[in-house]
Amino acid sequence: MNNVIKRILMIIFAVFYLLTAVFTIIAAFDFQALERSYSFLNRLNRNSFFAGAVVVSVFFLLSALMFLVLGLKKDKNKKYVIRSTDNGEVRISFMAIQNLVINATYSFTELKNVDVSVSNADGGISILIKSQVLPGVSIPDLIKQVQEKVKIFIEESTGIAVNDVKVYIEDIYQENLTKNSIVSKYANK
């Protein structure tokens, strides 16, 4: 089931359950509200009451089934990569791959505040690097070097195919200018 559809259904179910809970609390503290609801249901003709009961019952049945399926479903987004060898199976966690990527980017002193995420892709992995860069650096040249080095390093270290290495430069790294300006302001006195 698509994640967007799941979220929409979860929101609808949550709102319905919230309204049911609020009604139950009101009925528990205000007996007249329960009597008014009962008299309203008595005024309905038999067919519309039956149709409403069927709709509510089907709604509860579907929501219960959905919660059951979601609770028992295995996570398809594995947090590791499986690699088969002649001797058996090797699982390498995304955390290990992230740390390898960070180690590969250490040689690039132009990169600051590196953040890495790894995801399974068709027949391999996809790596996303978010970082800041020092001012005055040729960003296209730096990104190309980072992509090449990370791809080669990860493939040689793990034996896992790297489909792509995406590098997002989120900002230009700046030293804490306010701290430096305050220090220099008081140093001149």
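All of (1) loosely packed, with under 12 Cβ neighbours inside 10 Å; (2) closer than 14 Å to Y80 by Cα hold for E148 with one exception: (2).
Here's a check for you: in the stretch 77-98, which residue that is charged (D, E, K, R) and part of a strand (DSSP E or B) is farthest from V116 (Cα to Cα)?
Among those residues, the one meeting the criterion is E89.
Comparison of G136, G123 shows that the only residue that is at positive phi, free of Cβ contacts under 8 Å to residues at least 60 places away in the same chain and within 24 Å of the chain's Cα centre (by Cα) is G123. Looking only at the stretch 139-169, residues that are over 20 Å from K79 (Cα atoms) and without any contact (Cβ under 8 Å) to a residue 24 or more places away in the chain come to 7 in all. A residue that is hydroxyl-bearing (S, T, Y) and surrounded by fewer than 19 Cβ atoms within 10 Å (Cβ to Cβ) cannot be found anywhere in the stretch 127-137.
Every number in this text was worked out from the coordinates using simple rules, so none of it is lab data. From a predicted model like this one, the values you see are computed outputs, not experimental measurements. With ideal geometry, Cβ positions are generated from the backbone for all residues, glycine too; neighbour counts draw on all protein chains shown.
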